[in-house]
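Enquirer: Take this structure first; my questions come after.
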Amino acid sequence: ALAPLLFGVVLLPMVGAKWALSIAALGYLMLLLPVPGLPSRHMIPSLAVIPVFALLPARLALVETPGQLRIIEYREGVMATVAVLEDPRKDRVLKVNNRFQMGGTKQSFADRRQALIPLLLHPEPRSVLFLGLGTGITAGAATSHPGVSITGVELLPEVIEVLPSFAPANQLDRVRDGSYLVADARRYVRAADNRFDVIVADLFHPARDGAGALYTREHFEAVRARLNEHGLFCQWLPLYQLDLDTLALIVRTFLGVYSDATAWIAHFNIDTPMLGLIGGAGGAPYVADFFERRVTDTRLIAATYEVALNNSLTLFGCLLADTDDLRRFAGEGPLNTDDRPLVVFDAPRLTYRKDEPRYGRLQSILDACSPQASEIIHAAGDPVMAERLDRYLSARDLFLGAMILLEQDRDEEAVLQLVQSVRTSRDFRAGYQSALQLAVDRRESDPDRSRYLLTSLIEANPEDSRARRALGELFPE
């Protein structure tokens, strides 16, 4: 009865896996000490095992290191084992319990956008709370906002211990001492008496033990109680780690607390798509040039350029679903509550379904939702901007659809959709760049299709000279 407590809570974090296992094994050997009725010759082969422990590595790290990754930091705690892995390019990732990857420097673009999108949507944030820290890159992005007080809550003390391993990407030198606390997110938002302008909840893997409790109605209500007037709460969801039913359940539960909720996409990626549910603002539309009025600090301007959120179009162009879209998508059904924690039991199913594409939930949202500019900005005040935003959103959806088609090996359809994305909006540049790269890559294998794609890009956007230059370089005749 005492073994789990002694081994897991005392020995393992105190002396590490090697010596905890060694002590346990030696304890069993002690049972073979000479006693009346037991031949002493049994001790000789048993004691011969003791030197084996000296041959074990000094740090018995039970972490897989695929490829050329190597362990540079390793912590064993009561609740988890935390490791920092580094590749030959010096990119680092955070791994928990040899299973859950909690971000890394290679994906800092998306991590920083997870903080900047909700912060930029607030007209004047002065305080922000991050529930879950991971590498600290998301929370660190908030330091680009002048005068913003940052508080971060992390369940695992070992995660906070390895934060220096992700500097300077997490801008740890800009964070005030004491800003990052070891605490349970649910308990913190219930026990804290301070309020925040913006609260950002990290990507909690719903299949991880206890994470389902962070998607309950009671927790969302407790978070709302910690918001200042006109405060925003953003709950990021890993679409690639959710099945459709669980996603709809979480969205439905969120809407039950934040009736004005909207959905935002962190970055235009189909491999690891991330959806942000944002609520609490009251649903009031923004002025068309909101970003240009809102962002005037030079450091903040530089930070937004680094993650391609440098004007009102690129900010509002992350809107994936308005409130009505979300309600239709979620439909009718049960909510995730403390008394009926459906996410806890439903979410692990996807872990065992290896045939489920990572972009499946994103594709379902794209099929079901079509946000309009009038849902996010005062369209009547600036009809030209409203039209540009509508075209931007349409071009973005065409681009994401084309990326999914490429993943399904439907190249011909994808090429046509990429060109259509360029024709739809010249403000949305990801479609042009992807089509141009596709044309260059096809130069050898399919020169006719490469030439066609370059010609189509020139016709779709004659003001951009990149396709014309590539056509001259690849096909000089």
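The values are calculated or read from the model by the stated rules, or taken from the named source; none is laboratory data. Bear in mind that the values here come from a model prediction, so they are computed numbers and not experimental data. For neighbour counting, all protein chains shown are included, and Cβ atoms are generated from backbone atoms with ideal geometry for every residue, glycine included. Protein only, heavy atoms only, side chains kept; ligands, DNA and RNA dropped before computing areas. Shrake-Rupley method; radii C 1.70, N 1.55, O 1.52, S 1.80 Å.
Enquirer: Determine the pairs where a residue that is outside any loop (DSSP other than H, G, I, E, B), located within the stretch 56-80, has a partner that is of a type in the set (Asp, Glu) and modelled with pLDDT of 85 or more with Cβ atoms under 6 Å apart, the partner being 6 or more residues away or on another chain.
Expert: From the stretch 56-80, the pairs are 70/86; 72/86; 75/158; 75/161.
Enquirer: Sticking with this structure for a sec: Got a sec? Which of 224, 208, 190 is open to solvent by 20 Å² or more (accessible area, probe 1.4 Å), assigned to a helix (DSSP H, G or I) and under 21 Å from residue 249 (Cβ atoms)?
Expert: 224
Yes/no matrix, rows are residues, columns are (1) in contact (Cβ under 8 Å) with a residue 24 or more places away in the chain; (2) surrounded by 15 or more Cβ atoms within 10 Å (Cβ to Cβ); (3) in a strand (DSSP E or B); (4) not charged (D, E, K, R):
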site: 380; (1), (2), (3), (4): no, no, no, yes
site: 391; (1), (2), (3), (4): yes, yes, no, no
site: 395; (1), (2), (3), (4): yes, yes, no, yes
site: 400; (1), (2), (3), (4): yes, yes, no, yes
site: 403; (1), (2), (3), (4): yes, yes, no, yes
site: 409; (1), (2), (3), (4): no, no, no, no
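Enquirer: Another question, if that's okay. In the stretch 247-288, what count of residues is obtained for those that are under 20 Å from residue 221 (Cβ atoms) and of a type in the set (S, T, N, Q)?
Expert: Residues in the stretch 247-288 being under 20 Å from residue 221 (Cβ atoms) and of a type in the set (S, T, N, Q): 3 in total.
Residue-wise test of (1) in contact with a Leu (Cβ under 6 Å, 6 or more places away or on another chain); (2) among the acidic types (Asp, Glu); (3) free of Cβ contacts under 8 Å to residues at least 24 places away in the same chain.
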| position | (1), (2), (3) |
| --- | --- |
| 237 | yes, no, no |
| 245 | no, yes, no |
| 254 | yes, no, no |
| 271 | no, yes, no |
| 277 | no, no, no |
| 285 | no, no, no |
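Enquirer: May I pose another question? Would you confirm, using the coordinates I've provided, whether residue 217 is of a type in the set (Lys, Arg), over 27 Å from residue 124 (Cα atoms) and in contact (Cβ under 8 Å) with a residue 24 or more places away in the chain?
Expert: yes
Enquirer: Could you tell me whether any residue of the stretch 93-106 is in a helix (DSSP H, G or I), within 18 Å of the chain's Cα centre (by Cα) and farther than 26 Å from residue 14 by Cα?
Expert: yes
Enquirer: Among 149, 108, which is the only one that is in contact (Cβ under 8 Å) with a residue 12 or more places away in the chain, closer than 20 Å to residue 195 by Cα and of a type in the set (Ser, Thr, Tyr)?
Expert: After applying the criteria, what remains is 149.
Enquirer: Tell me which of these residue 428 doesn't satisfy, since it passes every other one: (1) more than 17 Å from residue 271 (Cα to Cα); (2) in a helix (DSSP H, G or I); (3) of a type outside the set (Asp, Glu); (4) open to solvent by less than 30 Å² (accessible area, probe 1.4 Å).
Expert: Exception for residue 428: condition (2).
Enquirer: Separate question: Scanning for something surrounded by 14 or more Cβ atoms within 10 Å (Cβ to Cβ), of a type in the set (A, V, I, L, M) and in a loop (DSSP other than H, G, I, E, B), does the stretch 329-351 turn up at least one residue?
Expert: Checked against the condition, which is being surrounded by 14 or more Cβ atoms within 10 Å (Cβ to Cβ), of a type in the set (A, V, I, L, M) and in a loop (DSSP other than H, G, I, E, B), the stretch 329-351 yields at least one hit.
Enquirer: Separate question: Would you be able to tell me the number of residues in the stretch 440-453 that are part of a helix (DSSP H, G or I) and more than 34 Å from the chain's Cα centre (by Cα)?
Expert: 6
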